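Worksheet: one structure, shown below.
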Amino acid sequence: MGLIRSLAANLTRVRQRAARNQQQVGATAPAHSLPHGQFMSNNGNNARRCLSLQMMTSRRRSARRTDGVDKNVWVEFTQLAAEYKVVNLGQGFPDFSPPPFIQEAFCKAVSGGPTMHQYTRAFGHPPLVKSLAKFFSGIVGHEIDALEDILVTVGAYQALFCAFQALVDEGDEVIIVEPFFDCYQPMVAMAGGKAVYVPLRPSGAVLSSGDWVLSAEELASKITARTKAIVINTPNNPIGKVYKTEELQMIADLCIKHDLLCISDEVYEWLTYDGAKHVKIASLPGMWERTVTVGSAGKTFSATGWKVGWAMGSGQVIKHMKTIHQNTVYHCATAAQEAVGHGFEREHKLFGSPESYFQQLPATLQQKRTKLAACLESVGLQPVMPEGGYFMIADISSVSDPEHRKEFDNYIRFCFVKDSTLDAAEEILRKWSQEQ
Ligand code: PMP
């Protein structure tokens, strides 16, 4: 608990320092407040400096779409963790290597001749889109057209960016289920849309992520004539909720009734525990046509640095995302795509067998989940057991500021994918408990 308090106090100090710095900068930059043509003194140099400052500031440099989206929680926390040399249990990426079969595929690709080092097809390397189409057709129950229905992107991030840019217009409303992965809101804002929130709410004792539920009435009440899309994330980051078929059906019914799109972020699709089953909303009747499913090889094969992601859906929707892609990134790294294609070919052959990485990875992570839960419980925190994903939230109301009354303020998120941070946290908490 002292741990959390001291982190919070550190954060507050850093924020105060940043605010003070900003004030000081403001105080030494009076040109902002000077009317045009008015100088501070008759000194020529000063006057010239003032004039040039005025010229610099009289014209807005940044595009308005960047307003209010400049803060990023990961940038801030990573810096803080480095500055205070604390164990960073916040950010989620593996501290282990991808499985050997996919590393070998990558090495083979890199030494596979000139074509592996040059541009490939803009919308996705043909072997990769073919293997994705083959793999997912059976899962969504729809014959996926490799060339029309898939767009390969620079990680799931770019798939989300292309989806919001291509599908959300000025003034459109986009419903986002809270709590959510932080980039959805700025991406909606940058597309000119308005994020409308609907929370998952705890039902009874919150011991599992499944105890957080979405009310059909509350979701329906947020839909207006301007609503364009609903964004869901299953398994969810940060809670770990894996939406059940009935819950997805409720969302699907509303999408169909109001002619809405669904953007379904499924980057943790293989990470489910205790028998929870990941269901794709695109597989429900009438949803293929209106769903963009987002995936990530980073999460799928524990290779977040490769930044290979994809968006999958009807070619009629994906074609608009291709327009954004071809005019921004255009193309993703060829060798990484080749390797991921091999990974999916292998997993297709081994699907459902114990050798499948999609079986092995969740089994490993389930043990880490147990370890983190025990660690948190040992210091009196109440973990909410996630049914999926990399993260676990814990109720800190017993140690947090009582002013915090909002829905999610009693919870903080911990990542349990990294052995190194788990071990370090365990050690810190063990020592701390001994000192009490
Ligand atoms: N969606 C969610 C829910 C995530 O947690 C992340 C990564 N943390 C992403 C998308 C982005 O994935 P990628 O690294 O493939 O861009």
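One table, with the values for the structure above:
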item: Candidate set: region 380-397, residues that are of a type outside the set (Ser, Thr, Tyr) and modelled with pLDDT under 85; chosen: the one most open to solvent (accessible area, probe 1.4 Å); result: Gly380
item: Condition met for Pro186 (open to solvent by less than 50 Å² (accessible area, probe 1.4 Å) and within 16 Å of the ligand (Cβ to nearest atom)); result: yes
item: Region 133-153, residues that are within 20 Å of Arg290 (Cβ to Cβ), surrounded by 14 or more Cβ atoms within 10 Å (Cβ to Cβ) and not aromatic (Phe, Trp, Tyr); result: Ala133, Ser137, Ile139, Val140, His142, Ile144, Asp145, Glu148, Asp149, Ile150, Leu151, Thr153
item: Flag for Gln360 being at pLDDT 90 or above and more than 16 Å from the ligand (Cβ to nearest atom); result: yes
item: Considering residues of region 125-144 that are aliphatic (A, V, I, L, M) and in contact with an Asp or Glu (Cβ under 8 Å, 6 or more places away or on another chain) only, the residue nearest to Val279 (Cα to Cα); result: Ala133
item: Conditions (1) open to solvent by 50 Å² or more (accessible area, probe 1.4 Å); (2) under 25 Å from Trp270 (Cβ atoms); (3) touching a residue at least 60 places away in the same chain (Cβ under 8 Å); (4) of a type in the set (D, E, K, R): number failed by Arg369; result: (1)
item: Residue match in region 163-173 (condition: touching a residue at least 24 places away in the same chain (Cβ under 8 Å), within 13 Å of the ligand (Cβ to nearest atom) and crowded, with 22+ Cβ neighbours inside 10 Å); result: yes
item: Total residues in region 184-198, condition of a type outside the set (Gly, Ala, Ser) and assigned to a helix (DSSP H, G or I); result: 6
item: Residue in region 65-120 that is nearest to Gly388 (Cα to Cα), counting only those that are assigned to a helix (DSSP H, G or I), of a type in the set (Asp, Glu) and open to solvent by 80 Å² or more (accessible area, probe 1.4 Å); result: Glu104
item: Selection count, region 398-421, where residues are part of a helix (DSSP H, G or I), touching a helix residue (DSSP H, G or I) at 6+ places or on another chain (Cβ under 8 Å) and either modelled with pLDDT of 85 or more or of a type in the set (Phe, Trp, Tyr) (or both); result: 0
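Residues checked against (1) touching a strand residue (DSSP E or B) at 6+ places or on another chain (Cβ under 6 Å); (2) closer than 25 Å to His258 by Cβ:
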{"residue": "Gly192", "(1), (2)": "no, yes"}
{"residue": "Ala195", "(1), (2)": "yes, yes"}
{"residue": "Leu200", "(1), (2)": "yes, yes"}
{"residue": "Ala205", "(1), (2)": "no, no"}
{"residue": "Ile230", "(1), (2)": "yes, yes"}
{"residue": "Asn233", "(1), (2)": "yes, yes"}
{"residue": "Ile239", "(1), (2)": "yes, no"}
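Each row is one residue, and each column tells you yes or no for (1) surrounded by fewer than 16 Cβ atoms within 10 Å (Cβ to Cβ); (2) touching a His at 6+ places or on another chain (Cβ under 6 Å); (3) under 19 Å from Tyr157 (Cβ atoms).
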residue: Lys307; (1), (2), (3): no, no, yes
residue: Trp310; (1), (2), (3): no, no, yes
residue: Ser314; (1), (2), (3): no, no, no
residue: Gln326; (1), (2), (3): yes, no, yes
residue: Val329; (1), (2), (3): yes, no, yes
residue: Gln337; (1), (2), (3): no, yes, yes
residue: His342; (1), (2), (3): no, no, no
residue: Glu347; (1), (2), (3): no, no, no
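The values are calculated or read from the model by the stated rules, or taken from the named source; none is laboratory data. Model, not experiment: these values are computed from the prediction. Every residue, glycine as well, gets a Cβ built from its backbone with ideal geometry; the counts of neighbours run over all protein chains shown. When the accessible area is computed, the model is the full protein with side chains, heavy atoms only, and any ligands, DNA or RNA have been set aside. Shrake-Rupley method; radii C 1.70, N 1.55, O 1.52, S 1.80 Å.
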